[in-house]
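Chemist: Have a look at this one before I ask anything.
The values are calculated or read from the model by the stated rules, or taken from the named source; none is laboratory data. Every value quoted in this text rests on a predicted model; they were computed, and no experiment measured them. Neighbour counts run over all protein chains shown; Cβ positions are idealised from the backbone, glycine included.
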Amino acid sequence: MASIASGPFLAACVVLAVAGVKKLRRPDSAVPALAAVGLPASTTTARVVGAGEVVVAVAGAVFGGVAALAVAAMYLLLAIVAARLLRRAPSTPCGCLGASDAPASRAHVAVNVAAALVSLAAATGPSPFTYMPESVLGALTFIVLVATLAGCTALMVDAQPAMRAAMQRGHSK
């Protein structure tokens with residue numbers, strides 16, 4: 001199971017690390033979401049969350065196993081926060097991926113739950129890099145597919161709510 005989950009798990013680690021780096025660089029974007037869910041709303045809190053995301057993501061990618069359980073726990077926590085944000089303040093930007101104005105969505109919650117489940121499956125094995133093909137072409141294909149999945153995941157979280165709102169505005173004319 002861990003070998004099948006290795007690519008999606010590595011993509012989940014990439015998305016988590018990117019989200020963490022963006023919170024470290026632009027913590028202000030996460031402050032409204034922190035306030036809306038009842039957490040301490042400060043740039044320091046946002047940076048602590050971002051640093052935690054980076055550490056957990058890197059550990060999961062490098063070590064797998066037990067560290068993948070930490071990635072699963074982080075994504076489960078993020079799913080709970082996104083669901084709470086969706087329920088309490090549905091128009092508040094989540095700030096998950098930096099300076100976006102995208103609010104949390106049901107798709108956002110689903111992506112976090114899916115990442116948690118993939119991380120649980122990956123926890124039964126070593127680092128996802130262990131499963132990388134030995135040939136250059138195979139390794140390159142693996143990396144491109146992981147990057148593509150990470151990019152599509154980020155778009156689902158960040159761009160999908162705005163796209164859906166634009167489509168609804170277009171239908172109301």
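Chemist: Within region 39-54, how many residues are buried (at least 16 other Cβ atoms within 10 Å of the Cβ) and closer than 26 Å to S127 by Cα?
Modeler: Count: 5.
Chemist: Can you confirm whether region 22-30 contains a residue that is of a type in the set (K, R) and over 18 Å from D158 (Cα atoms)?
Modeler: No, because not a single residue in region 22-30 is of a type in the set (K, R) and over 18 Å from D158 (Cα atoms).
Chemist: Answer yes if at least one residue in region 66-76 is of a type outside the set (F, W, Y) and over 15 Å from A115 (Cα atoms), and no otherwise.
Modeler: Looking through region 66-76, at least one residue is of a type outside the set (F, W, Y) and over 15 Å from A115 (Cα atoms).
Chemist: Within the group S135, S127, which residue is surrounded by fewer than 17 Cβ atoms within 10 Å (Cβ to Cβ), more than 15 Å from the chain's Cα centre (by Cα) and of a type outside the set (V, I, T)?
Modeler: Just a single option satisfies the conditions, and that option is S135.
Chemist: Restricting attention to region 138-147, which residues are loosely packed, with under 14 Cβ neighbours inside 10 Å and either within 14 Å of the chain's Cα centre (by Cα) or under 12 Å from A12 (Cβ atoms) (or both)?
Modeler: A147
Chemist: If you go through region 28-58 one residue at a time, how many are modelled with pLDDT of 95 or more and in contact with a Cys (Cβ under 9 Å, 6 or more places away or on another chain)?
Modeler: Total satisfying the criteria: 3.
Chemist: Does G151 fit the bill of being of a type in the set (G, A, S), surrounded by fewer than 17 Cβ atoms within 10 Å (Cβ to Cβ) and over 19 Å from V14 (Cα atoms)?
Modeler: Spelling it out, it is not the case that G151 is of a type in the set (G, A, S), surrounded by fewer than 17 Cβ atoms within 10 Å (Cβ to Cβ) and over 19 Å from V14 (Cα atoms).
Chemist: Tell me, please, whether a residue that is at positive phi and surrounded by fewer than 19 Cβ atoms within 10 Å (Cβ to Cβ) can be found in region 28-38.
Modeler: Scanning region 28-38 turns up at least one residue that is at positive phi and surrounded by fewer than 19 Cβ atoms within 10 Å (Cβ to Cβ).
Chemist: Next question, about the same structure. If the requirement is being free of Cβ contacts under 8 Å to residues at least 60 places away in the same chain and more than 24 Å from D28 (Cβ to Cβ), which of these qualifies: V118, V144, V111?
Modeler: Result of the check over V118, V144, V111: V144.
Chemist: Can you find, within region 62-84, the residue that is surrounded by the most Cβ atoms within 10 Å (Cβ to Cβ) among those that are over 17 Å from A17 (Cα atoms), touching a residue at least 40 places away in the same chain (Cβ under 8 Å) and not β-branched (V, I, T)?
Modeler: R84
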